[in-house]
Amino acid sequence: MRKIVIAGNWKMNKTLVEASDLVKKLKELVKDIKDRTIIVCPPYPALDAVSREISNSNIELGAQNLFWEEKGAYTGEVSAPMLKAANCVYVIIGHSERRQYFGETDQTVNKKIFAALKHNLFPIVCVGETLDEREANKTFDVIKKQVADGFAGLSADQWEKIIIAYEPVWAIGTGKTATPEQAQEVHAHIRSLLPKEAADGIRILYGGSMKPDNARELLAKPDIDGGLIGGAALKADDFTAIIKSPFDKTQGK
Ligand code: PEP
């Protein structure tokens with residue numbers, strides 16, 4: 001059984017004080033939950049404050065990005081050892097906004113995955129097609145290439161540390177969610193592309209306008225092992241409702 005992961009990507013939202021307030025509320029609301037992995041990914045300036053707030057809780061910390069070098073003259077960048085020292089356990093890599101606005105490619109994603117793994121950070125690696133690609137029936141091919149190039153060269157041990165997020169670009173922040181059937185179809189496709197020994201254990205999260213009212217149906221699908229949540233992670237009540245969704249995997253087949 002794969003443990004469900006619910007990860008909040010706060011993107012470029014929340015100042016230091018706002019971030020602390022949000023996670024304080026969240027901590028109280030989810031304190032009894034043991035059967036989900038709960039992750040929050042605040043912006044860099046709030047990592048330390050959030051880390052202090054969640055120490056000795058069931059919430060874990062992630063970052064939204066990293067650079068592949070360890071240190072040096074790379075103005076504005078943040079490295080894996082820095083994230084590790086800030087108590088991050090996870091790091092999001094290759095989010096579609098990074099690909100769209102900051103020129104990230106499957107090759108830079110690959111370098112970042114190795115940098116994260118070298119410093120014992122668990123990568124949450126995003127893949128997904130644009131609307132044009134879906135409408136041109138290229139979804140499976142696009143995903144295949146992102147998986148082949150993004151994860152090139154990983155050993156069996158390294159694969160075990162990977163979390164994948166399937167995020168159809170057309171569903172991110174748009175209010176348009178993939179139907180559970182559309183998402184399941186791509187999740188199953190992604191799993192079929194993974195090395196046999198690792199495929200069953202790897203968590204594949206869905207991301208793209210997941211909300212309290214659609215989480216249950218999505219999470220019921222056999223290959224959907226959690227969610228990467230943007231907008232709804234910014235409200236403690238909504239994020240908690242997703243975390244507590246009473247889905248039933250036997251209903252989703
Ligand atoms: C995301 O940014 O990873 C995301 C899924 O955003 P939203 O939930 O707002 O669509």
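The values are calculated or read from the model by the stated rules, or taken from the named source; none is laboratory data. Keep in mind the model is a prediction, meaning the values are calculated, not measured. Note that we place each Cβ from the backbone using ideal geometry, even for glycine, and neighbour counts take in every protein chain shown.
Scanning the stretch 158-187 for residues that are out of contact with any Lys or Arg (no Cβ under 9 Å at 6 or more places or on another chain), more than 12 Å from residue 207 (Cβ to Cβ) and not polar (S, T, N, Q) yields 159, 160, 161, 176, 185.
Checked across the stretch 149-159, the condition of being surrounded by 13 or more Cβ atoms within 10 Å (Cβ to Cβ), at pLDDT 95 or above, among the hydroxyl-bearing types (Ser, Thr, Tyr) and not in a helix (DSSP H, G or I) holds for no residue. Taking the criterion of being in a helix (DSSP H, G or I) and crowded, with 19+ Cβ neighbours inside 10 Å, the residues of the stretch 55-97 that qualify are 80, 83, 96, 97. One residue stands out in the stretch 175-196 among those that are surrounded by fewer than 18 Cβ atoms within 10 Å (Cβ to Cβ) and touching a Phe, Trp or Tyr at 6+ places or on another chain (Cβ under 8 Å): the one that is farthest from residue 93 (Cα to Cα), namely 176. Report whether or not residue 145 is part of a helix (DSSP H, G or I), surrounded by fewer than 19 Cβ atoms within 10 Å (Cβ to Cβ) and touching a residue at least 12 places away in the same chain (Cβ under 8 Å). Judged against the criteria, residue 145 is a match. Return yes when residue 107 is assigned to a helix (DSSP H, G or I), touching a helix residue (DSSP H, G or I) at 6+ places or on another chain (Cβ under 9 Å), within 16 Å of the ligand (Cβ to nearest atom) and in contact (Cβ under 8 Å) with a residue 40 or more places away in the chain and no when it is not. It is false that residue 107 is assigned to a helix (DSSP H, G or I), touching a helix residue (DSSP H, G or I) at 6+ places or on another chain (Cβ under 9 Å), within 16 Å of the ligand (Cβ to nearest atom) and in contact (Cβ under 8 Å) with a residue 40 or more places away in the chain.
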